[in-house]
Amino acid sequence: MKSEYIKAIINKLEKLMYGHNYQVYFSFHIFTNCSNKSEFNNEINKHCIEFSEDSQNKTPIELDDFWKRINYGLNYRGDTTAGLHLDQHKEKELEKATNEYISFINEFIKPTTIIYSTIAQEGIYWSYSFLLRNDDKSLYISGCAED
């Protein structure tokens with residue numbers, strides 16, 4: 001998928017997941033020059049320093065835990081004080097956008113992929129920040145919800 005396409009999906013997710021005292025943010029960066037370790041680390045330092053080679057905050061995680069955190073955020077609806085209140089039509093739109101977002105992420109998951117996570121941000125309903133590390137191309141993604 002092209003960057004413009006995934007930006008449109010993220011924009012749609014952010015609009016659909018805007019609710020009463022509830023707002024989400026997503027970001028991503030695709031790294032294409034991952035085989036050269038020095039250049040890759042320079043790019044990491046520019047776009048997501050929390051995953052730098054020297055960072056003590058990143059930890060490798062299992063694929064199941066990765067998907068649990070992603071799905072928790074995408075499926076979170078909140079409650080009566082803060083969250084999403086979607087009609088059936090909007091829920092279907094959100095499901096479609098969610099599936100497209102997941103398909104995009106799946107393009108970066110291979111048997112050799114190493115997934116790193118950082119400490120969750122505070123003061124929000126949910127958050128994630130991941131680096132999917134591959135030798136050819138890698139992906140940084142983050143998402144969070146706040147009021």
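Every number in this text was worked out from the coordinates using simple rules, so none of it is lab data. What you are looking at is a predicted structure, and each value in this text was computed from that prediction instead of being measured. Reconstructed Cβ throughout: ideal geometry from the backbone, glycine too, with neighbour counts over all protein chains shown.
By the scheme Lys and Arg +1, Asp and Glu -1, what is the net charge of all other residues having a beta-carbon under 12 Å from that of G78? In short, -2.
Checking (1) 11, 34, 27, 17, 9, 2; (2) 11, 40, 34, 13, 2; (3) 12, 34, 32, 20, 3 against P(r) over Cα pairs in 10 Å bins from 0, in percent calculated from these atoms, the matching label is (2).
A Cβ-based charge dipole, computed about the Cα centre of the chain with Lys and Arg at +1 and Asp and Glu at -1, lands at about 300 debye. Applying the Karplus relation 6.51 cos²θ - 1.76 cosθ + 1.60 with θ = phi - 60° to the range 29-42 yields 3J(HN,Hα) values of 8, 9, 9, 9, 10, 9, 6, 8, 4, 5, 5, 4, 4, 4 Hz, where x marks Gly and Pro.
Fully extending the segment from K37 to N21, taken as 0.36 nm per residue of separation minus the present Cα-Cα distance, adds 1.5 nm.
Lys-Lys pairs in the range 3-146 that are eight or more residues apart or on separate chains and whose Cα atoms lie under 17 Å of each other come to 13. Could you work out how far helix 3-16 tilts from the main Cα principal axis of the chain, as a 0 to 90 degree angle to the nearest 10? Once rounded, one gets 30 degrees.
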